[in-house]
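Peer 1: Right, I'll just put the structure down here and ask away after.
Just so you know, all these numbers are worked out from the coordinates, no wet-lab data involved. Here the structure is a predicted model, which means the values were calculated and not measured. When we count neighbours, we look across all protein chains shown, and the Cβ atoms used for this are built from the backbone with ideal geometry, even at glycine.
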Amino acid sequence: MIVKDDMAQNAQSTDIVVWEDRYGTGIPLIDYQHKELVSLTNQLYKACLLGEEAVQTAFKDAMGRMVEYVRFHFGAEQKLLEAIHYPDFPNHKKMHDTLVGNILEAVKEQKEGKKFVPNNFVRTLRDWVFSHIAIQDKKYAFYVAEQKRIGMLTDQQINSIKI
């Protein structure tokens, strides 16, 4: 995942985060969902580039999709982590809960008409998605790989978890 530093990017290159395979967890469904989170982050960023009036509508729509998808993804990931008895599950869930709270706060602030909410929020989201997937989710990916290596978990078991 390549993270771009400046919101004032060239209009030709409008993605703020670019997925790279090295950020994969090795769990296809989770990786697919992470790619969708990256896509939604880019959609929010692109909405910020549309100008003040358009930002209000486009950002609101993109934020609605993000809220819905984040809740869906976190629910799926948390079911998986519980099912595989991931030892750091409580901390991981707490990080998820914090982001959901931040998203809901940004939605509230945006509805109240606070300036710079979209731009600031997209930067925060970009940084969170990057660090969470690249660092925190890699931790459970290593746990899964280790559990598979020692015969405590199989791909079939992972794929049979109802998430």
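Peer 1: For THR124 and GLU105 in one chain, what is 0.36 nm times their gap in residues minus the Cα-Cα distance, to one decimal in nm?
Peer 2: Taking THR124 through GLU105 to full extension adds about 5.6 nm, to one decimal.
Peer 1: Put a dot 7 Å past each Cα toward the Cβ at ASP97 and ILE161; how far apart are the dots in nm?
Peer 2: Placing both labels 7 Å beyond Cα along the Cβ direction yields 1.9 nm.
Peer 1: Per residue of the chain, what 222 nm ellipticity follows from adding -39500 (n - 2.57) for every DSSP H run with n ≥ 4, rounded to the nearest 500?
Peer 2: Rounded to the nearest 500, the figure is -23000 deg cm²/dmol.
Peer 1: Just list whichever of LYS35/LYS108; LYS93/LYS138; LYS35/LYS111; LYS79/LYS162; LYS93/LYS139 have alpha carbons separated by over 19 Å in the model shown.
Peer 2: LYS35/LYS108; LYS35/LYS111
Peer 1: Which is the longest run of the chain containing none of the GluC sites (Glu not before Pro) found in DSSP loop states (not H, G, I, E, B) with at most 16 other C-beta atoms within 10 Å?
Peer 2: With GluC sites (Glu not before Pro) excluded where exposed in loops, the chain gives 21-111 as its longest stretch.
Peer 1: Using Cα pairs closer than 8 Å and at least 6 residues apart in sequence, work out the relative contact order for the chain, in percent.
Peer 2: Contact order relative to length: 29 percent.
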